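The values are calculated or read from the model by the stated rules, or taken from the named source; none is laboratory data. Note that the structure is a prediction, hence the values are computed from the model and not measured. Cβ placement follows ideal geometry from the backbone for every residue including glycine, while neighbour counts extend to all protein chains displayed.
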Amino acid sequence: MATVEAPTRPQVRLHEGSFANEPLVDFSNPENARKMRAAIEKVRAQLGREYDLIVGGKRVKTTDKIRSLNPAKPSQVVGLHQKAGKEHVEPAMNAALRAFETWSRTSVEERASLLFRVGDLLR
């Protein structure tokens, strides 16, 4: 009698152990407080910036814009974004389909590795 082996799924290697929330930051520590103030100032300096659409890796500017406002301070513009129109739909869909073809052939290990690297950048 022939035997059939069940397909195996790739084992995803965990990044430095299992999931755990990041530890809370003690802002009574002067160094932590200084770093947070510096980060806030860096973000504050970027408020009001204009952002392009990116379709298929190409930057696109449009006539119409969308203003993103700070809900706590509606007079403060957080960012100015290009407003996509009907003419952007087909090129964006085609670019997404092309990207899907590549991404769908990317191994689970490589995808997980990429997500862990993104997580490291966010820290």
Pick out the one residue from Thr63, Thr106 that is closer than 30 Å to Ala20 by Cα, among the β-branched types (Val, Ile, Thr) and not in a strand (DSSP E or B). Thr106
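Every residue, every condition in (1) modelled with pLDDT of 95 or more; (2) exposed (fewer than 10 other Cβ atoms within 10 Å of the Cβ); (3) of a type in the set (Phe, Trp, Tyr); (4) closer than 28 Å to Val78 by Cα, yes or no:
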{"site": "Ala2", "(1), (2), (3), (4)": "no, yes, no, no"}
{"site": "Arg9", "(1), (2), (3), (4)": "no, yes, no, no"}
{"site": "Leu14", "(1), (2), (3), (4)": "no, no, no, no"}
{"site": "Glu22", "(1), (2), (3), (4)": "no, yes, no, yes"}
{"site": "Val25", "(1), (2), (3), (4)": "no, no, no, yes"}
{"site": "Ser28", "(1), (2), (3), (4)": "yes, yes, no, no"}
{"site": "Asn32", "(1), (2), (3), (4)": "yes, no, no, yes"}
{"site": "Glu50", "(1), (2), (3), (4)": "yes, no, no, yes"}
{"site": "Leu53", "(1), (2), (3), (4)": "yes, no, no, yes"}
For segment 77-95: of the residues being small (Gly, Ala, Ser) and part of a helix (DSSP H, G or I), which is farthest from Arg44 (Cα to Cα)? Ala95
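Residue by residue, here is whether (1) of a type in the set (D, E, K, R); (2) under 19 Å from the mean Cα position of the chain (by Cα) holds:
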site	(1), (2)
Val25	no, no
Gly56	no, yes
Arg67	yes, no
Lys83	yes, no
Ala99	no, yes
Thr102	no, yes
Val108	no, yes
Ser113	no, yes
Leu122	no, yes
Would you say Arg98 is in a helix (DSSP H, G or I), over 24 Å from Leu53 (Cα atoms), of a type in the set (D, E, K, R) and without any contact (Cβ under 8 Å) to a residue 60 or more places away in the chain? no
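Go through the residues of segment 79-86 one by one and say whether even a single one is touching a Gly at 6+ places or on another chain (Cβ under 8 Å) and modelled with pLDDT of 95 or more.
From segment 79-86, those touching a Gly at 6+ places or on another chain (Cβ under 8 Å) are 79-80; that's our starting set.
From the residues that got through so far, the ones that are modelled with pLDDT of 95 or more too are 79-80.
Checking segment 79-86: at least one residue is touching a Gly at 6+ places or on another chain (Cβ under 8 Å) and modelled with pLDDT of 95 or more.
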